[in-house]
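Everything below concerns the one structure shown next.
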Amino acid sequence: MSLNDFKRRDALRLAAAAALTGGATGPALAATPAHRPLAFKDPIWNREVSARLEACADPKNFVYGAVSGVVAGVRDGEKVRPLMRFEVFSTIRVVRMADGNYQRLCREVVFYRNLETGQLMDEWDNPYTGERVKVVDVANDPYNYVIADHFPQPPSYGGLNKETRPPRPFIRNWSMLDENTVGLESDIHLYYPSAMRPEKWLRESPGAMTRVSEMFRYVIRRSDLEDATLDHIPYHGVWNRVTPWLPWMLMDQAPGHILYTGTMTAQTKMVHPKDVIERVRERHAKYLVAPEKVEGPSLSSLERYALEQTPAAPRTKKP
């Protein structure tokens, strides 16, 4: 079934579902093929707009994700410490499946900048240990999941995370920020066995368990969210990630963790800094185009590090 068929078939149903928007304000408009009222409590509406937020309704098209911000270190007994900046470059496509759900297809890379000079880094002076360490780019290919009328199960990360949840309709946490602006909150919190076992990865491991959280905050124009003719629904927002020390920091399983805080968007054209685009072309050229099909397991940067890197030699103690 094409997207246009879906729009025509569901226009009247979605007009009725608009009554379930909860906090929506302002005059309601009649549903038409070009206008679909907000329906926050409708799992199908959530699925359809989420697919167009993530990427484009037309699978021939894709979006470029961009996040830019600061990486900070968090340790007991001291204030949070900014350590470096980061840049995310991703390409994301969605493909409609036979059951009406969408396969999300993504590649993403993360580079790190010197906090003071702004230069993209290949080495970094760790202020906690006094060592100069090699910076390892994040290169996740792929990171996929299905956008459906029910929430997906938590990521398994190659079988390490065995948490499962009862099926739950895909009703997301929307809010009206004002009459013309919609907010969306999307969080995930995970705690699962580490891929970098401490007995092997003496310097890189976070310990026996990995604790990761990601918090997304989207800000969307109401008119865009209601416009059924948009192939992609534009947004801006904030992305936060709580994660163990980056393994290449070589923190020797010390207590503490990392906090990413960044601003995010997705566009149908590249809006990234010039040096980021150049580095993607030089090091990860295939990331310039979103995948067209599922290829391989979806893993986070921590599991990929364990697969692609080798443990560092034990630190030589200074006299």
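The values are calculated or read from the model by the stated rules, or taken from the named source; none is laboratory data. Given the structure is predicted, the values throughout are model-derived calculations rather than measurements. Cβ sites come from the backbone with ideal geometry, for glycine too, and all protein chains shown count toward neighbours. The accessibility values were calculated without ligands, DNA or RNA, using every heavy atom of the protein model including side chains. Shrake-Rupley method; radii C 1.70, N 1.55, O 1.52, S 1.80 Å.
A few remarks follow.
- MRE, 222 nm, helices only [DSSP H, n ≥ 4, -39500 (n - 2.57), over the chain, to nearest 500]: -4500 deg cm²/dmol
- FRET efficiency, K293 to N61 (Cβ-Cβ, R0 22 Å, nearest 0.05): 0.90
- Read-out Cα Rg over 2.2 N^0.38 Å, derived from the coordinates shown; its label in [x] 0.91; [y] 1.18; [z] 1.08: [z]
- The stretch 27-82 and the stretch 290-319: distance between their alpha carbon centers, rounded to Å: 28
- From the alpha carbon centroid of the stretch 105-157 to that of the stretch 237-267 is 8 Å.
- The modelled label-to-label distance for the pair F216/R81, using points 7 Å beyond Cα in the direction of Cβ, is 3.2 nm.
- Contour excess over end-to-end distance, with Cα ends at D231 and V74 and 0.36 nm allotted per residue: 52.5 nm
- Kirkwood Rh in Å, taken over all unlike Cα pairs in the stretch 244-286: 13.6
- Average accessible surface area per residue within the stretch 41-153, 1.4 Å rolling probe, Å²: 40
- Simple spin-label estimate for M97 and A208 in nanometres, 7 Å along Cα-Cβ: 3.5
- Taking trypsin sites (Lys or Arg not before Pro) across the stretch 159-212, the ones in a DSSP loop with at most 14 further Cβ atoms lying within 10 angstrom of their Cβ are K162, K200.
- Relative contact order (percent, whole number), the chain, Cα cutoff 8 Å, 6+ residue spacing: 21
- In this simple spin-label approximation, L115 and R283 carry label points 7 Å from Cα along the Cα→Cβ vector, and these lie 2.0 nm apart.
- For the stretch 160-319, taking Cα atoms only, Rg and Dmax work out to 19.8, 68 Å respectively.
- Relative contact order (%) - the stretch 82-156, alpha-carbon pairs under 8 angstrom, separation at least six: 31
- Portion, in percent, of the accessible area of the chain that falls on carbon or sulfur, probe 1.4 Å: 54
- Within the stretch 64-95: backbone nitrogen closer than 20 Å to the R132 label point (7 Å, Cα to C-beta): 83-85
- Estimated translational D of the stretch 46-89 in µm²/s (Stokes, Kirkwood radius over Cα pairs; 10 °C; 1.306 mPa s): 118
- Sparse-neighbourhood loop sites, trypsin sites (Lys or Arg not before Pro) in the stretch 221-319 - DSSP loop, at most 10 other Cβ within 10 angstrom: K269, K293, K317
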